[in-house]
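These notes are about the structure you will find just below.
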Amino acid sequence: MEVELTGDQEDDGLDGGQTGESASTALGSLEQAVDGFEKAVGLPRLSPGLTGDNDALAAFDGYKRGFEIPTAKKHEKSDAIKRGSAVQAHSVNMGVAKYEAQEYEKAFLSFQASLQAHDMLKANSQQSVLEDPEQCDYQLYITAISARQAKRNADAMKYYTDLYSKGSAKAAVYEGLFAVKLESGDEASATKILEEGRAKYPDDSGLWFSEINFYLKKGRLDARRLPAVRG
């Protein structure tokens with residue numbers, strides 16, 4: 001999944017479709033933007049310099065902290081929102097690149113930044129690259145997966161729960177939420193989620209295997225949990 005930037009975002013010195021190594025081409029403009037904004041609102045320097053590794057994340061962190069400063073002036077907050085919007089799509093694209101490189105911690109942080117940017121933009125009546133509900137739900141899902149791969153189960157639980165709470169969760173959400181609840185030691189809640197998912201998606205193989213493995217480990221597997229043999 002690659003997110004394209006809007007015209008306004010391109011005007012901020014960032015072109016769309018930058019992932020992996022190509023993100024380094026935006027290094028100069030990003031570093032200049034972060035430096036200028038941090039000086040304007042009195043933030044300490046984020047780092048000795050952007051590295052070309054996860055620059056969209058570093059930039060968004062600076063804009064987000066600037067926006068949250070209680071003494072920031074109205075035009076400074078507006079600037080933070082505009083610049084946060086400019087790096088949102090880059091956060092998504094960089095997250096994809098990091099996930100594909102199996103750098104799950106960095107993938108999670110980038111995906112999380114894109115969702116934080118979405119919340120900040122919507123709270124201030126601004127456009128987000130995650131306007132489409134299905135795309136936003138997908139972003140929540142891959143953020144949850146990345147968190148689990150990065151062994152950040154509390155974060156995975158949060159994003160899986162966000163999806164589950166909408167009432168229209170897919171089978172994979174039930175499977176993921178069951179797994180993180182079980183790993184956290186909440187077996188009763190995990191079992192409830194598994195049973196609910198199995199009832200809602202009886203033919204889903206992922207949930208079926210989750211159930212079989214769970215009861216096998218507990219020595220409680222019976223014929224009722226085995227698939228019917230079809231002639």
Considering the Cα positions of the range 59-106, please state its Rg to one decimal place and its Dmax as a whole number of Å. 13.4, 40
Short version: ³J(HN,Hα) in whole Hz for each residue of the range 131-142, in order, from phi by Karplus 6.51 cos²θ - 1.76 cosθ + 1.60 (θ = phi - 60°), x for Gly and Pro, what are they? 4, 5, x, 5, 5, 5, 5, 5, 5, 4, 5, 6
For q = 0.22 Å⁻¹, what log10 I(q)/I(0) does the range 49-162 give under the Debye formula with an equal point scatterer on each alpha carbon and no solvent? -1.19
Whole-Hz Karplus couplings 3J(HN,Hα) for the range 80-86, θ = phi - 60° and coefficients 6.51, -1.76, 1.60, Gly and Pro as x, run 4, 5, 4, 6, x, 4, 5
State the percentage of accessible surface on the range 81-231 attributable to carbon and sulfur atoms; use a 1.4 Å probe and exclude ligands, DNA and RNA. 50 percent
Please report, largest first and rounded to whole Å, the three semi-axes of the ellipsoid equivalent to the range 96-231, where each semi-axis is the square root of five times an eigenvalue of the C-alpha gyration tensor. 32, 16, 13
Per residue solvent-accessible surface (Å²) - the range 82-125, probe of 1.4 Å: 37 Å²
In sequence order, what are the phi-derived ³J(HN,Hα) couplings for the range 205-214 according to the Karplus relation 6.51 cos²θ - 1.76 cosθ + 1.60 with θ = phi - 60°, rounded to whole Hz, with x for glycine and proline? 5, x, 5, 4, 5, 4, 5, 4, 5, 4
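The values are calculated or read from the model by the stated rules, or taken from the named source; none is laboratory data. The structure displayed is predicted, hence computed values, not measured ones. With ligands, DNA and RNA removed, areas are computed over all heavy atoms of the protein, side chains included. Shrake-Rupley method; radii C 1.70, N 1.55, O 1.52, S 1.80 Å.
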